[in-house]
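J.: Quick one: this structure, given as structure tokens, is what I'll be asking you about.
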Amino acid sequence: QHDTHQFPLTPPVQLLYALDRALDELLAEGVALRIARYRELYQVMTAGMQAMGFQCLVEKQHHSKLLTTFLAPSDPAYQFEIMHDYLYARGITIYPGKVLEQDTFRVANIGDLQPSDMNAFLLALQAYQKEFGVKISSS
């Protein structure tokens, strides 16, 4: 309620604790350093994905630089679930696409990640491609 500064229903206590912790971590790292780290992770990820032939769904000037959507390979050997599980078994989580008209998947570069983590993701993705014979079309 606006006048009493109270939640109208049961407050989302776990959400408030999570927000408090996230703010503590952000302030401990420093806002400028967090932005710079996320920017570096994005640059490592997009450069590596581009080098492998992956294409982004939207043009670079419209990227959030936090979550990037890639077009799925058109190779019949590609299956998102297999790629997801292969990476997940190696401690990496990617996300299915949310675009109904196109087959896509998403890669986030936020959280407690370092450039070495992003490089590990790229190496694991290359290993997946090789093991399953998935070709990436760069057209």
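The values are calculated or read from the model by the stated rules, or taken from the named source; none is laboratory data. Just so you know, these numbers come straight off a predicted model, no measurement behind them. Because the Cβ atoms are built from the backbone with ideal geometry, glycine has one as well, and the counts that use them run over all protein chains shown. The area values use the complete protein model at the heavy-atom level, side chains included, leaving out ligands, DNA and RNA. Shrake-Rupley method; radii C 1.70, N 1.55, O 1.52, S 1.80 Å.
J.: Give me a count of the residues in the range 43-66 that are touching a strand residue (DSSP E or B) at 6+ places or on another chain (Cβ under 7 Å) and closer than 14 Å to MET118 by Cα.
T.: Number of matching residues: 4.
J.: To continue, here is another question. Do we find that SER116 is open to solvent by 70 Å² or more (accessible area, probe 1.4 Å), over 23 Å from GLY133 (Cβ atoms) and hydroxyl-bearing (Ser, Thr, Tyr) in this structure? Give the derivation first.
T.: Numbers: open to solvent by 70 Å² or more (accessible area, probe 1.4 Å): yes; over 23 Å from GLY133 (Cβ atoms): yes; hydroxyl-bearing (Ser, Thr, Tyr): yes.
When the stated conditions are applied, SER116 passes them.
J.: Could you say whether any residue in the range 64-75 is free of Cβ contacts under 8 Å to residues at least 24 places away in the same chain and aliphatic (A, V, I, L, M)?
T.: Within the range 64-75, the first condition is being free of Cβ contacts under 8 Å to residues at least 24 places away in the same chain, and the residues that meet it are 64.
After this cut, where a residue has to be aliphatic (A, V, I, L, M) as well, the list is none.
No, that holds for no residue.
J.: I need the full set of residues from the range 91-106 which are out of contact with any strand residue (DSSP E or B) (no Cβ under 8 Å at 6 or more places or on another chain) and surrounded by 14 or more Cβ atoms within 10 Å (Cβ to Cβ), in order please.
T.: ILE92
J.: Taking the range 38-63 on its own, how many of its residues are in a helix (DSSP H, G or I), surrounded by fewer than 16 Cβ atoms within 10 Å (Cβ to Cβ) and free of Cβ contacts under 8 Å to residues at least 60 places away in the same chain? Steps first, answer last, please.
T.: Step one: filter the range 38-63 for residues in a helix (DSSP H, G or I), giving 38-52, 60-62.
Next, from what is left, pick out any that are surrounded by fewer than 16 Cβ atoms within 10 Å (Cβ to Cβ): 39-40, 43, 47, 50-52, 60-62.
So of that shortlist, the ones also free of Cβ contacts under 8 Å to residues at least 60 places away in the same chain come out as 39, 43, 47, 50-51, 60-62.
Number satisfying all stated conditions: 8.
J.: In the set ALA72, ALA77, which member is within 17 Å of MET45 (Cα to Cα) and in contact with a helix residue (DSSP H, G or I) (Cβ under 7 Å, 6 or more places away or on another chain)? Can you show your working first?
T.: On the way: ALA77 fails: within 17 Å of MET45 (Cα to Cα).
On inspection, the qualifying residue turns out to be ALA72.
J.: Regarding the range 107-124, can at least one residue be identified that is in contact with a strand residue (DSSP E or B) (Cβ under 6 Å, 6 or more places away or on another chain) and not hydroxyl-bearing (Ser, Thr, Tyr)? Working first, answer last.
T.: Step one: of the range 107-124, the residues in contact with a strand residue (DSSP E or B) (Cβ under 6 Å, 6 or more places away or on another chain) are 107-108.
Add one more test, that the residue is not hydroxyl-bearing (Ser, Thr, Tyr), and what stays is 107-108.
Yes.
J.: Report yes if some residue within the range 10-21 is outside any loop (DSSP other than H, G, I, E, B), surrounded by 10 or more Cβ atoms within 10 Å (Cβ to Cβ) and within 13 Å of the chain's Cα centre (by Cα); otherwise report no.
T.: Looking through the range 10-21, none of the residues is outside any loop (DSSP other than H, G, I, E, B), surrounded by 10 or more Cβ atoms within 10 Å (Cβ to Cβ) and within 13 Å of the chain's Cα centre (by Cα).
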